[in-house]
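What follows is a short report on a single structure.
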Amino acid sequence: MLAAGGCKEGYLDINKNPNAATTSSADLVLPAALNGTTNLLTHNEIGHFWAGHWSPSGSVSGFNPEKTYDLPGNFRTAIWTSSYDNLSDYDYIEKSATAAKQQAYIGIAKVMKAYIFQRLVDTYGNVPYTEALQGPANLRPKYDNGQAIYDDLVKQLEAAVVALKAPITAENPSPAATDIVFKGDLTKWVKFANTLKMRILIRQSNIAAKQDAIKSGIAKAVADGGFLGVNENALVQPGFLKTAGKQNPFYETYGFTAAGTIAGNKEFYTNADFFIKALTSTNDPRLERYATRNNANQWQGVPFGEGSDPYLYAKTSGFGPAILKSFDQPQVLMQSAESFFLQAEAVQRGYLTGGDAKTLYNAGVLESFKFLEVPSAATAVNTYLSQEVPNVNFDSSTDKLQAIITQKWTALGAFGGFEAWTEFRRTGFPKVPLSTRAMGTKHVARFLYPSQELGTNEANVKAQGTINQFDTKLFWMK
């Protein structure tokens, strides 16, 4: 069952080791690599659990490590293995495109490598970076410091922007035919790169020594083309089919088979009590899109950690129509709503000048409403935001940063679980309760290194010291 939440194989698969390929090119590898990135459902799922969005229902047993926070060495190893596998694809694209002087492909590969490496750092801290992706040439790569990786990712994204702005020529062809995200719109790729760069910079908001670098980095991003804007969601759409193994893997894992029957995992997952109550308490119309009423026509979430008969799937509020929309719904890399919330935080913290935090905040909520297809979104969002309720109405929110992060958390409620959990670890917002079965009084701060990595790269793993999932904090945490 848990394997279904990992990297779904079959559709658009490519070689496990593209460095060993003999007849491939950047344009042939790119769509499979992009599709592979969004197929990595494992990190999204655990993020939703620990961010307070989702919970296993009472119709399934297990999930003991998730509920107790007692993490074994083989816990969710697909985050590590599939990420490096996917990174090898983008590394191949970058090297192949460099040899062919195809700047557009170089830029896209750099953006996606930064996207995945940030997630690895945000999961494990120090990870192989400068010596990674060398295949048999280096089977025991050293681990780089997480802060140093972050610093280089900013540089790589700036280099990506330069490459993406290169004129399209016969030598530097448009990737339109193989770009399953922006269909060759390199201006949007530039905005995505800048938004990802802003995410990396703002993640370091707790580090006093980084304040000037954050400001200058964001200012450069503005000058270099700005950020994802209205209706500019970064979505992956390879052309899903109503065929087994070729549907949207999120839909096929958590929803329905190609034959229209309930997927084997569908009734194992439902909405958490914390999420349901957060939305009902603020009259949030997105609730009707995120969730369904139970068999008693009531809103009922599951307190994370609970299970058994009182919380059988039919007795809870399962995933709603915006979550399980259709077999061909796109996969999400980043919502435009997140871009606006990042900009709102940047203004509120004084990192970004020339903007208005309230306007950006309201725009982020509207983008979320539109993305979830809330009926009459423009009218509905005005009604919602006019409530004099903290963390809804910006003016009524004493803690503006808490309001921004809380609304981002709501917007990430089904397609951005890992990011929501990561922002909770950075800010403490919203105040997600501990699992009812937690083995202590602390939330998980990070993952442990996979046991298989300890078995194959023991010296470099042990060089990281004694790691504890609660107390060994990542460099950007308080």
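Odds and ends about this structure:
- Some residue of the stretch 192-211 being within 22 Å of Ser96 (Cβ to Cβ) and at pLDDT 95 or above: yes
- Failed condition for Tyr313, given (1) in contact with a Phe, Trp or Tyr (Cβ under 9 Å, 6 or more places away or on another chain); (2) surrounded by fewer than 18 Cβ atoms within 10 Å (Cβ to Cβ): (2)
- Residue count for the stretch 289-319, restricted to those that are closer than 11 Å to Thr270 by Cα and assigned to a strand (DSSP E or B): 4
- The stretch 172-186, subset within 22 Å of the chain's Cα centre (by Cα) and not acidic (Asp, Glu), residue surrounded by the fewest Cβ atoms within 10 Å (Cβ to Cβ): Lys183
- Looking only at the stretch 69-103, and only at residues there that are of a type in the set (A, V, I, L, M, F, W, C) and in contact with a Phe, Trp or Tyr (Cβ under 8 Å, 6 or more places away or on another chain), the one that is surrounded by the most Cβ atoms within 10 Å (Cβ to Cβ): Ile93
- Scanning the stretch 443-466 for residues being outside any helix (DSSP H, G or I) and in contact (Cβ under 8 Å) with a residue 40 or more places away in the chain gives a total of 10.
- For the stretch 157-180, the set of residues classified as among the aliphatic types (A, V, I, L, M), out of contact with any helix residue (DSSP H, G or I) (no Cβ under 6 Å at 6 or more places or on another chain) and part of a loop (DSSP other than H, G, I, E, B) consists of Ile168, Ala170, Ala176, Ala177, listed by residue number.
- Residues of the stretch 18-53 satisfying the condition of being polar (S, T, N, Q), more than 18 Å from the chain's Cα centre (by Cα) and at pLDDT 90 or above: Ser25
- Just so you know, in the stretch 387-410 the residues that are loosely packed, with under 15 Cβ neighbours inside 10 Å and closer than 18 Å to Asp356 by Cα include one that is nearest to the chain's Cα centre (by Cα), and it is Asp399.
- Qualifying positions in the stretch 384-418 - more than 20 Å from Ala272 (Cα to Cα), of a type outside the set (A, V, I, L, M, F, W, C) and in contact (Cβ under 8 Å) with a residue 60 or more places away in the chain: Tyr384, Gln387
- Boolean, Asn295 is of a type in the set (S, T, N, Q), touching a helix residue (DSSP H, G or I) at 6+ places or on another chain (Cβ under 9 Å) and either surrounded by 22 or more Cβ atoms within 10 Å (Cβ to Cβ) or under 21 Å from Ser368 (Cα atoms) (or both): no
- Those residues of the stretch 240-265 which are in contact (Cβ under 8 Å) with a residue 60 or more places away in the chain and in a loop (DSSP other than H, G, I, E, B), in sequence order: Phe240, Leu241, Lys242, Gly245, Lys246, Gln247, Asn248, Gly255, Ala258, Gly264, Asn265
- Residue satisfying condition, being at pLDDT 95 or above, among the hydrophobic types (A, V, I, L, M, F, W, C), surrounded by 20 or more Cβ atoms within 10 Å (Cβ to Cβ) and out of contact with any helix residue (DSSP H, G or I) (no Cβ under 7 Å at 6 or more places or on another chain), within set Ala272, Ala344: Ala272
- Residue satisfying all of: in the stretch 93-140; free of Cβ contacts under 8 Å to residues at least 24 places away in the same chain and among the β-branched types (Val, Ile, Thr); nearest to Met334 (Cα to Cα) among these: Val127
- Residue match in the stretch 289-312 (condition: at pLDDT 95 or above, in contact with a strand residue (DSSP E or B) (Cβ under 6 Å, 6 or more places away or on another chain), over 18 Å from Ala51 (Cβ atoms) and not small (Gly, Ala, Ser)): yes
- Filtered by the rule that a residue be buried (at least 18 other Cβ atoms within 10 Å of the Cβ), farther than 26 Å from Tyr84 by Cα and of a type in the set (Ser, Thr, Tyr), the stretch 434-478 gives a lone residue, Ser435.
- Ala234 among the aliphatic types (A, V, I, L, M), without any contact (Cβ under 8 Å) to a residue 12 or more places away in the chain and within 22 Å of Phe192 (Cβ to Cβ): no
- Among the residues of the stretch 198-229, those that are crowded, with 17+ Cβ neighbours inside 10 Å and either among the polar types (S, T, N, Q) or without any contact (Cβ under 8 Å) to a residue 12 or more places away in the chain (or both) comprise Gln204, Ser205, Lys210.
The values are calculated or read from the model by the stated rules, or taken from the named source; none is laboratory data. What you see is a predicted model; the values in this text were computed from it and never measured. Counting neighbours? That spans all protein chains shown, and the Cβs are built from the backbone with ideal geometry, glycine included.
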